[in-house]
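Trainee: What follows is a single structure, and I will ask about it in a moment.
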Amino acid sequence: MMQVFMPLGFLGFVYREMKGSMANIEKMFGLLAVAPTVQDKPKASQLNAHDGSVTFNNVSFRYQAQRPILTGLSFTAKPMQKVALVGASGAGKSTISKLLLRFYDVDSGSVEIDGQDIRDVSQYSLRKAIGVVPQDTVLFNNTILENVRYGRLDATDAEVMAALKIAHLEEFVKTLPDGLATKVGERGLKLSGGEKQRVAIARAVLKRPKIMVFDEATSSLDSRSEQSILAALADVSQRQTTLVIAHRLSTIVDADQILVIGEGQIIEQGDHHSLLERDGAYTKLWRFQQNHSVDPI
Ligand code: ATP
């Protein structure tokens, strides 16, 4: 078992994550899969994410010595903005979100939230400020109510209901045989990919983070499912700063900023209309996706 080799301090962190109303199990799996290379400073302060601005300041990063992934990448997501990361597979979009969550430290440059370098704050306070909607959501053999409540264990039923509404799951729940008490997951009702991702959105909303990272599913969803997710995402992104790792450009036409990532850098930046006017890399991707149902990125 991998856990056997984990330092006790790291396991302690994982335990606190579970206990401290942050039981986002996907994130736990993510953490366990990543070597604990990152340590809190001895007197790390608590992140004070008052507004939710995110700045990547000249960030360079490589997983392996010979292979730079990001080289001198800079951008700022202002509070409440929706910022989309697009680019070819392997361009480094997920790496940007992993650096924001500090699963790894940057090699040079800095990542800041509301002006605080994330290396100076505790990992606990950092990850408390960020909600993650992963591509693939793990559902537990439990009711839909409890599955959503994993986002914040002390949430009331009313708060869970409000999160379901924002995630556009309310109508869906009404169609279930036992409503919120319906068992889902392995031995319960199987939810579609789109429904599962909306459960993840509801979980993340319940956490009330200042910053949300939404990793769009690569697998194609039927258009109704996709529309529901889009509507949910539009609601969510009005409430906090949202970083979307996008695969379908149609889902991010309303983003405040679109960052086209290529060769470890931002090769184009702007909103949908300004990028189309540039007639560059984004326009090529856009035209390709308009003409093909297959996803090139
Ligand atoms: P996709 O759209 O396919 O998800 P992406 O743009 O999100 O791609 P990343 O997942 O950030 O790309 O990966 C960027 C590069 O870093 C890829 O070449 C990938 O193989 C490499 N990479 C990712 N994780 C690791 C790791 N843990 N160790 C070594 N290399 C890695």
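The values are calculated or read from the model by the stated rules, or taken from the named source; none is laboratory data. These numbers come from a predicted model, not from an experiment. For neighbour counting, all protein chains shown are included, and Cβ atoms are generated from backbone atoms with ideal geometry for every residue, glycine included.
Trainee: May I ask you to verify whether Val253 is within 16 Å of the ligand (Cβ to nearest atom), among the β-branched types (Val, Ile, Thr), within 30 Å of Ala49 (Cβ to Cβ) and over 14 Å from the mean Cα position of the chain (by Cα)?
Mentor: no
Trainee: Any idea which of Glu195, Glu226 is surrounded by 15 or more Cβ atoms within 10 Å (Cβ to Cβ), under 26 Å from Thr95 (Cβ atoms) and more than 15 Å from the chain's Cα centre (by Cα)?
Mentor: Glu226
Trainee: So is Val38 modelled with pLDDT of 95 or more and either over 30 Å from Gln238 (Cβ atoms) or part of a strand (DSSP E or B) (or both) or not?
Mentor: It is false that Val38 is modelled with pLDDT of 95 or more and either over 30 Å from Gln238 (Cβ atoms) or part of a strand (DSSP E or B) (or both).
Trainee: Report, by residue number, each residue of the stretch 71-91 that is crowded, with 21+ Cβ neighbours inside 10 Å and more than 23 Å from Asp114 (Cα to Cα).
Mentor: Val86, Gly87, Ala91
Trainee: Right, another one. Only one residue in Ser97, Ser125, Ser110 is within 16 Å of the ligand (Cβ to nearest atom) and modelled with pLDDT of 90 or more. Which one?
Mentor: Every option except Ser97 fails the conditions.
Trainee: Quick one: count up the residues across the stretch 166-181 that are surrounded by fewer than 16 Cβ atoms within 10 Å (Cβ to Cβ) and not in a loop (DSSP other than H, G, I, E, B).
Mentor: The qualifying residues number 5.
Trainee: Further question: Restricting the stretch 73-94 to residues that are of a type in the set (S, T, N, Q) and within 7 Å of the ligand (Cβ to nearest atom), which is modelled with the highest pLDDT?
Mentor: Step by step, filter the stretch 73-94, then rank; the result is Ser94.
Trainee: Out of the stretch 48-72, which residues are away from the ligand (no atom under 11 Å from the Cβ) and not in a loop (DSSP other than H, G, I, E, B)?
Mentor: If the condition is that a residue be away from the ligand (no atom under 11 Å from the Cβ) and not in a loop (DSSP other than H, G, I, E, B), then Val54, Thr55, Phe56, Asn57, Asn58, Val59, Ser60, Thr71, Gly72 are the ones that fit.
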